Structure formats: structure tokens, C-alpha cells
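Report on the following structure.
The values are calculated or read from the model by the stated rules, or taken from the named source; none is laboratory data. No experiment lies behind these values; they were computed from the predicted model shown. Counting neighbours? That spans all protein chains shown, and the Cβs are built from the backbone with ideal geometry, glycine included.
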Amino acid sequence: MSLARARDPRRPPRTSAAAGETPHPTPKASTRGRGLPADVTIRGAGAGDEAAVVRLFVEMGRDFAHGTAVDEAFVRRYLDQAGAHILLAVGPCGPVGVLSYSVTLDLYHAAPAGEIEDVAVTAAAQGSGIGEALVREAMRRLVAEGCAEVGVITSRDNRRAQRVYRRAGLTDELVCLQRHFLDET
């Protein structure tokens, strides 16, 4: 659940690691987990990563009642929003995981707050610690941005995702009520 935000003109345009971004060190999965594969790094997505992001979201959408309408133009539009971020987990054969998150101002805390919006890992890479590492990296970045809290929403029956979020340190604190307008059209 994100609100449209205008791009901050003071913010420099995003670039991909291929265009010179230094990938952030990949966090290890929790000690209870299996650990992240040594040949996988996590970095911010930028120009040139749109097709990979679309591919990962299309694969994720296969698990839902309806697929995704995301395309490369929408990925660019998303990244142009102030506070919107995408992380990619990249292995030797290319991206194997994606996480989108946003930062908005929270009135109650009088501070920024983060929301993890979507996490997807390819079927071949699931169970390897990549999802948890993506969540941990997002949380590290949110703390660095001064966020007072982070939230995530997942479906009630998605036990695998719930385990990943709990291993990364998130807890069941709130009840989320939603209405999906796309389902009504």
C-alpha cells in the first residue's frame, strides 16, 4: 500500500550497479536460517533493471488469483517516486530476488516510517535465505534513513512469507484491514 509521492528534485537519479553503484554488503540470514549463498549480492535497482524487476514480479504473480500488470514503464515510474526503493538479489545468472519498499512520514512518530511492499524470490532460489536477506537489507536501510518503524503485509495463508518476516525480526503487532479495488473491476 503506497501513496503516490512526487519525486524530490534534489535526489540524484538512480543508477544500477552495472552503471557504477557499489553493491551493499549482503547481510547474512539469521543464525537459525541456512545463510545466504556466497555468490549472491543485494543492491539497489536502477536504470537498466526494469526488465529483471518485471520478470520477478510476473513470476510472483503466478501464485495469485490474478497476475500483475507491471511493465518496465511502471517500474521506472515507481522508482521516480520520492521514498520508493527496489532491492535486487543478484546471483551468477542474474537477479533471483526482489523487494520493494517505501518511506513516508508518519505523523504519530513524527519521523519517517517504512513499508515493505513486495518480496519475490525465484522458485529455484526459494529456501536459500535470499528472502530473509532482502528483508534484513531493507530494514538496515530503513534504520539508516531514520525510520521509526517498518511494516509489511502478507496474506493470512502465506505461512512461508510470515516465517521469513519473523526470522528477520518482525512481529505480529497490528491487524491489517484492506479492500482491493482492482478486484472489483
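Observations
- The number of residues in the stretch 61-82 that are touching a residue at least 60 places away in the same chain (Cβ under 8 Å) and buried (at least 20 other Cβ atoms within 10 Å of the Cβ) comes to 1.
- Elements of type helices (runs of 4 or more DSSP H) in the stretch 42-148, at least 1 residues being closer than 20 Å to GLY169 by Cβ and among the charged types (D, E, K, R): 130-144
- Residues satisfying the stated conditions in the stretch 149-185, i.e. at pLDDT 90 or above, in a loop (DSSP other than H, G, I, E, B) and more than 17 Å from PHE64 (Cβ to Cβ): GLU149, ALA168, GLY169, LEU170, THR171
- The set of residues from the stretch 137-185 being of a type in the set (S, T, N, Q) and in contact with a helix residue (DSSP H, G or I) (Cβ under 6 Å, 6 or more places away or on another chain) comprises just one member, THR154.
- In this entry, ALA38 passes the filter for residues that are more than 17 Å from ILE86 (Cα to Cα) and at pLDDT 80 or above.
- Residue-level check: of (1) in contact with a Phe, Trp or Tyr (Cβ under 9 Å, 6 or more places away or on another chain); (2) in contact (Cβ under 8 Å) with a residue 12 or more places away in the chain, TYR165 misses just (1).
- Criterion (surrounded by 12 or more Cβ atoms within 10 Å (Cβ to Cβ) and free of Cβ contacts under 8 Å to residues at least 60 places away in the same chain) met by exactly one of LEU177, LEU134, LEU107, LEU170: LEU170
- On the stretch given as the stretch 48-60, residues that are surrounded by fewer than 18 Cβ atoms within 10 Å (Cβ to Cβ) and either among the β-branched types (Val, Ile, Thr) or without any contact (Cβ under 8 Å) to a residue 12 or more places away in the chain (or both) total 1.
- Members of the stretch 83-104 found to be of a type in the set (Gly, Ala, Ser) and loosely packed, with under 15 Cβ neighbours inside 10 Å, listed by number: GLY94
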